[in-house]
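Structure first, commentary second.
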Amino acid sequence: MRTTVGIVGAGPAGLLLARLLHNAGIDSVVLESHDRAYVEQRQRAGILEQGTADVLRAAGAADRMDREGLRHDGIELRFSGRRHRVDFPALTGGRSVTVYAQTEVCKDLIALRLADGAPLLFEAEALAVEDADTDRPRVRFRHRGVEDVLECDYVVGCDGFWGIARRAVPAAAARVFERTYPFGWLGILADVPPSHDELVYARHDRGFALLSMRSPAVSRLYLQVPEGTEAQAWGDEEIWDELERRFATDDDWKLERGPITQKSVTPMRSWVHEPMRHGRLFLAGDAAHIVPPTGAKGLNLAVGDVVTFARALTHLRDTGSAALLDAYSETCLRRVWQAERFSYDMTTLLHPAPGATPFEDRLQLARLERIVSSRAAETDLAEAYTGFPFG
Ligand code: FAD
Ligand code: DHB
């Protein structure tokens with residue numbers, strides 16, 4: 001099999017890249033190791049930055065998002081029993097975010113790809129990227145038990161943190177930056193209308209809690225739990241009791257309970273692989289960087305990477321200049337490190353670390369006080385949360 005761009009992985013990065021290239025008249029083949037149902041049902045991100053929503057619109061992939069997505073103009077910070085709303089449009093010159101689940105973004109992009117009749121192979125596991133430093137990189141893969149080779153002009157590794165594409169970068173050419181955290185998030189989906197109309201980020205001495213949503217009828221909630229916690233170790237009532245304690249306010253706000261339909265634990269990690277390019281292999285999304293989820297940045301970063309790649313390749317085709325493609329890693333990493341910084345700041349702001357000293361607890365509260373009492377500090381948060389324009 002032969003194509004211009006071989007795309008490894010059909011998460012949001014791979015699927016959107018395939019769409020952007022298709023719109024630009026560049027052919028690609030997407031290889032995905034799992035089946036379609038897995039990609040369409042794996043619960044992960046829920047918040048799209050303004051720029052991500054705009055990219056999906058420009059790509060003709062936002063009809064359902066515009067009908068069913070929820071525009072959010074702010075978030076609530078909650079600590080010491082108090083509530084503070086951060087008003088995004090007022091602080092950022094009109095920017096907002098959209099609540100629309102990653103599962104739905106993937107469903108929409110898969111449907112468009114299949115309607116276009118363009119190649120998207122499920123149950124096609126990439127085994128290795130070869131000859132990345134030549135003009136003819138290849139992806140060896142196994143599709144439903146049969147081994148095959150995809151010959152390409154370029155390969156983009158969109159295969160997530162556990163993928164294989166970046167193994168083609170020699171160790172001597174790569175550098176990894178990492179930070180782990182001694183806690184994770186227990187996430188639940190529940191069939192109950194969200195107890196607040198915007199997201200609530202709560203800092204409590206017992207740990208962080210987040211109230212989010214998937215629709216006006218489905219809540220998504222998270223609890224900080226110790227590293228290594230098993231989701232099944234928590235009973236349903238125990239989860240609601242703990243959420244209630246962490247969200248408690250001085251006023252009459254109330255957390256509504258409902259049937260829990262899904263439970264899982266997500267570890268927390270900050271991680272960057274530099275550079276994001278080796279020869280004709282380009283890395284995008286979680287294959288190149290991970291942020292802890294507190295700032296809701298992971299999917300949005302993946303979108304920034306593939307927009308940058310598609311633009312650069314189109315520029316090369318239209319002008320003959322490889323300048324943008326050569327700058328790919330540097331361009332993406334500028335944005336990546338800003339998201340790493342913001343996600344680290346939000347995580348350390350809101351999660352009491354096990355073994356934190358009373359001094360550190362007080363500092364955390366002082367940082368929160370600063371945000372809610374200074375327009376400059378609040379603006380800094382609002383600008384980063386709604387996202388910087390794609391570079
Ligand atoms: P992935 O979604 O990991 O996709 C990679 C794909 O590659 C997978 O489908 C995988 O099956 C496939 N693959 C792997 N190996 C191979 C192989 N060898 N061959 C072929 N295919 C392969 N981000 C936000 O922006 N906002 C949020 O609100 C947010 N909340 C989050 C909440 C949680 C609980 C978690 C866990 C994450 C959250 N994120 C959020 C992060 C976001 O989900 C990820 O950053 C995003 O999925 C990255 O997309 P991706 O396409 O790069 O990688
Ligand atoms: C969601 C996840 C996040 O990491 C976040 O910061 C906000 C919302 C969510 O899954 O809805």
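Checking the structure you have, find out if any residue of region 144-151 is of a type in the set (Lys, Arg), more than 12 Å from ligand 1 (Cβ to nearest atom) and in contact with a helix residue (DSSP H, G or I) (Cβ under 6 Å, 6 or more places away or on another chain). The answer is no, given that none of the residues of region 144-151 is of a type in the set (Lys, Arg), more than 12 Å from ligand 1 (Cβ to nearest atom) and in contact with a helix residue (DSSP H, G or I) (Cβ under 6 Å, 6 or more places away or on another chain). Among the residues of region 112-120, is there at least one that is among the small types (Gly, Ala, Ser) and touching a helix residue (DSSP H, G or I) at 6+ places or on another chain (Cβ under 8 Å)? Looking for residues that are among the small types (Gly, Ala, Ser) and touching a helix residue (DSSP H, G or I) at 6+ places or on another chain (Cβ under 8 Å), one finds at least one in region 112-120, hence yes. Of the residues LEU150, LEU120, the single one that is over 30 Å from ALA53 (Cβ atoms) and in contact with a strand residue (DSSP E or B) (Cβ under 7 Å, 6 or more places away or on another chain) is LEU150.
The residue list VAL176, VAL146, VAL192 contains one member that is at pLDDT 95 or above and surrounded by 13 or more Cβ atoms within 10 Å (Cβ to Cβ), which is VAL192.
Of all the residues in region 52-71, those that are crowded, with 20+ Cβ neighbours inside 10 Å and either at positive phi or not aliphatic (A, V, I, L, M) (or both) number 2.
Restricting attention to region 114-156, the residues that are assigned to a strand (DSSP E or B), β-branched (Val, Ile, Thr) and more than 15 Å from THR3 (Cα to Cα) add up to 1. Looking at PHE161, is it away from ligand 1 (no atom under 12 Å from the Cβ), among the hydrophobic types (A, V, I, L, M, F, W, C) and not in a helix (DSSP H, G or I)? So PHE161 fails the test.
Against the test of being free of Cβ contacts under 8 Å to residues at least 40 places away in the same chain and outside the structural domain of ASP236 (by TED's automatic domain parsing), the options GLU151, GLU147 yield a single qualifying residue, GLU147. When ALA217, ALA209, ALA174 are screened for being over 18 Å from PHE79 (Cα atoms), of a type outside the set (Val, Ile, Thr) and free of Cβ contacts under 8 Å to residues at least 60 places away in the same chain, only ALA217 passes.
To keep it simple, each residue is scored yes or no on (1) within 14 Å of ligand 2 (Cβ to nearest atom); (2) more than 19 Å from the chain's Cα centre (by Cα).
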{"residue": "TYR222", "(1), (2)": "yes, no"}
{"residue": "ALA233", "(1), (2)": "no, yes"}
{"residue": "LEU255", "(1), (2)": "no, yes"}
{"residue": "SER264", "(1), (2)": "yes, no"}
{"residue": "ARG269", "(1), (2)": "yes, no"}
{"residue": "VAL272", "(1), (2)": "no, no"}
{"residue": "PRO275", "(1), (2)": "no, yes"}
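Highlighted here are the strands (runs of 3 or more DSSP E) found entirely within region 1-113 that include at least 1 residues which are within 16 Å of SER212 (Cα to Cα) and under 21 Å from the mean Cα position of the chain (by Cα): 70-72, 74-79, 97-99.
The numbered conditions (1) under 25 Å from GLY81 (Cα atoms); (2) crowded, with 16+ Cβ neighbours inside 10 Å are all true for GLU244 except (2). Checking each residue in region 233-291 for being part of a strand (DSSP E or B), of a type in the set (D, E, K, R) and more than 25 Å from GLY184 (Cβ to Cβ) picks out GLU274, ARG277. Check GLN41, GLN50 and return the single one that is farther than 23 Å from GLY157 by Cα, within 15 Å of ligand 1 (Cβ to nearest atom) and not assigned by TED's automatic domain parsing to the domain that holds PRO194. After ruling out the rest, the residue left standing is GLN50.
The values are calculated or read from the model by the stated rules, or taken from the named source; none is laboratory data. Bear in mind the structure is a predicted one, so any value in this text is a computation, not a measurement. Cβ: placed from backbone, ideal geometry, glycine included. Neighbour counts: every protein chain shown.
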